[in-house]
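Worksheet: one structure, shown below.
The values are calculated or read from the model by the stated rules, or taken from the named source; none is laboratory data. Bear in mind the structure is a predicted one, so any value in this text is a computation, not a measurement. Cβ placement follows ideal geometry from the backbone for every residue including glycine, while neighbour counts extend to all protein chains displayed. For the accessible areas, the whole protein counts, side chains as well, though only heavy atoms, and no ligand, DNA or RNA atoms are used. Shrake-Rupley method; radii C 1.70, N 1.55, O 1.52, S 1.80 Å.
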Amino acid sequence: MRIFVINSGSSSMKHTLFEMDQEQVLFSGEIERIGLEGSRHTFRTNSNPAQSKDLPVRDIGEALDEVFSTLLSQGPVSSLDEIPAVAHRIGHGGKYREAVRIDRDVIDEIRRMTPMIPLHHPAMIIGIEECVRRMPKAVHCAVFDTWFHWTIPDEAAIYGLPYHYFAERGYRRTGFHGNSHAYVSAKAAEYLDKPIERLKIITCHLGAGASLCAVDRGRSIDTTLGMTAVPGLIMGSRAGDVDTGLIPIIMKEDNLSPDRMIEMLFKQSGLIGISGVSRDFRDVDTAAQAGNLRAKLAVAAFCYQVKRAIGSMLMALGRCDALVFTGGIGQNSPTVRARVLDGTEDLGFRLDAKKNTQVSLTDTAPVADISAADSRTRILVVETFEELMMARQCLKVLEGTKQDRIEQQ
Ligand code: ADP
């Protein structure tokens, strides 16, 4: 069974083709800077090393054309008809608790949830429509970032607003990055050679978007993101937690419309808002090291917020057997990891400074233990693999559909 996974971002598209019998990657890659100057397609097959092509890619349709023509020319399949299913990453599932086969109702629900994650959903919807047009015979599934967090208990999920927002509108902490938190916590358990049912794990997904999750015996019981993709940690361009009382005050003072405020919270805040330099962590860190004070403050605030959030998750779990760093920043920045854990030795987090700086994850070694021998908590760096989690979810939908058909006969 082959499954193609598509992860459409606001200006990028990641893609992976799996052979699910052995969970083998046949083809994978990413198109960056869609609709911008300097777009590039980087890809590799299971038999060839990474290659890249610089070419203009104006929109998601053109991105898919490029992906499919490269896929066919590279040889893992000779026709798109050999791919019976596609998994599309969707941020917020709304009423859907698990991955589903896409139909009109599903598209309507994804559209209804667009305000919760406005930078991502429009591109994701176009990604689905353009892909269905090019692969009309395939089964298309939506895999939601929110699925992993439905186990968060009401007391942790409810907001202190009038009750009907919770009961009738369904506004609760739904969280995001579910595929990543689920994958890296399972991978950590596998690495530690312990059943996940016995472990309490804190996962830190630190990328352009960032969130923490408290994973109690394999189930999410709390996370830092919410109904929207804004709260919790400072992110690349998203604000993270803000005094909610300030929002209407700023709107009144600066005469901002709701749409303008949304734009500020999602696009002009976080690392770029504080530093004025970039939404990309590396750029901000480079500026900080060159002495830019606002960049220094942004990096310090980011690390502090991760530290504080780990504290909350630790109390929610009551114990932490493993702390996992993942995502572009979590996997690649020893400085962030060291700053986050600085001064937490008495709480059980003791880093091995040398191991921390020598992490080098590969496909065959996707986990590194960076904890000191006497650390109460194992501190791990795990390469996330959201696409594999998505392919597994999609496979479950296909198997469920098959089962339904057998039962109906
Ligand atoms: P996305 O959410 O788009 O998948 P990623 O998980 O790829 O994001 O993370 C992107 C972030 O990771 C960017 O802010 C980037 O600067 C940061 N990053 C990537 N490599 C490094 C590195 N070597 N050191 C620090 N940060 C890094």
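Coupling constants for segment 46-51 follow from the phi torsions by the Karplus curve (6.51 cos²θ - 1.76 cosθ + 1.60, θ = phi - 60°), and in residue order they are 5, 10, 10, x, 4, 10 Hz; glycine and proline get x.
Compute the relative contact order of segment 1-149 as a whole-number percentage, counting only Cα pairs closer than 8 Å that sit 6 or more residues apart in sequence.
Numbers: 293 pairs, mean separation 35.8, N = 149.
With pairs under 8 Å counted, the relative contact order is 24 percent.
Summary: within the chain, the longest segment free of GluC sites (Glu not before Pro) located in DSSP loops with at most 11 other C-beta atoms within 10 Å is 169-409. Of all DSSP-defined beta bridges confined to the chain, some 70% are antiparallel rather than parallel.
Could you work out the relative contact order of the chain? I mean the mean sequence separation of Cα pairs under 8 Å and 6+ apart, divided by the number of residues, in percent. The partial results should precede the final answer.
On the way: 820 pairs, mean separation 55.6, N = 409.
For the chain, the relative contact order is 14 percent.
Here the extension length gained between Glu98 and Arg40 equals 17.6 nm, from 0.36 nm per residue of separation less the Cα-Cα distance.
Please state the shape class of segment 27-81: rounded when a/c is under 1.5, otherwise prolate if a/b exceeds b/c and oblate if not, all from the C-alpha gyration tensor. Present the calculation step by step, with values, prior to reporting the outcome.
On the way: a/c = 2.94, a/b = 1.49, b/c = 1.98.
Oblate.
Evaluating 6.51 cos²θ - 1.76 cosθ + 1.60 at θ = phi - 60° for every residue in segment 359-370, the Karplus couplings come out as 5, 8, 7, 9, 4, 8, 10, x, 10, 10, 9, 10 Hz, glycine and proline recorded as x. Cysteines in the chain that lack a partner Cβ within the 4.7 Å cut-off: Cys131, Cys204, Cys213, Cys303, Cys320.
Rolling a 1.4 Å probe over the protein chains gives Thr362 an accessible area of about 60 Å².
Over the chain, accessible surface divided per residue gives 47 Å², non-protein components excluded, 1.4 Å probe.
Put Lys354, Lys307, Lys267 in order of accessible area, largest first, 1.4 Å probe: what do you get? The partial results should precede the final answer.
Working: Lys354 135, Lys307 60, Lys267 110 Å².
The ordering from most to least exposed comes out as Lys354, Lys267, Lys307.
When the chain is treated as a GNM with alpha-carbon contacts under 10 Å, the residue of Ser69, Ser278, Ser211 showing the greatest mean-square fluctuation is Ser69.
Once you sort the root eigenvalues of the Cα gyration tensor of the chain as a ≥ b ≥ c, which label holds: rounded (a/c under 1.5), prolate (a/b larger than b/c) or oblate (the other case)? Note, shape of the chain comes out rounded.
Counting only residues at least eight positions apart within a chain, or on another chain, the lysines with an alpha carbon under 22 Å from that of Lys53 are Lys14. Here the 3J(HN,Hα) profile of segment 252-260, calculated from phi with Karplus coefficients 6.51, -1.76 and 1.60 at θ = phi - 60°, is 5, 4, 9, 6, 9, 6, x, 5, 5 Hz, Gly and Pro shown as x.
So for Val397, Val277, Val184, what's the accessible-area order with a 1.4 Å probe, most first? Please list the in-between numbers first.
Working: Val397 25, Val277 60, Val184 0 Å².
Of Val397, Val277, Val184, the descending order of accessible area is Val277, Val397, Val184.
Can you tell me how much longer the chain between Arg319 and Asp254 gets when fully stretched, taken as 0.36 nm per residue apart minus their C-alpha distance, in nm with one decimal?
Numbers: separation 65, 0.36 × 65 = 23.40 nm, distance 4.49 nm.
Extra length from Arg319 to Asp254 when fully extended: 18.9 nm.
Altogether, the Stokes-Einstein calculation at 10 °C and 1.306 mPa s, with the Kirkwood radius of segment 221-285 over Cα pairs as Rh, returns a diffusion coefficient of 129 µm²/s.
Taking all protein chains in place and a 1.4 Å probe, what share, in percent, of the accessible surface of segment 261-360 do carbon and sulfur account for? All intermediate terms of the calculation are to be shown ahead of the outcome.
Details: 2570 of 4970 Å².
Of the solvent-accessible surface of segment 261-360, carbon and sulfur hold 52 percent.
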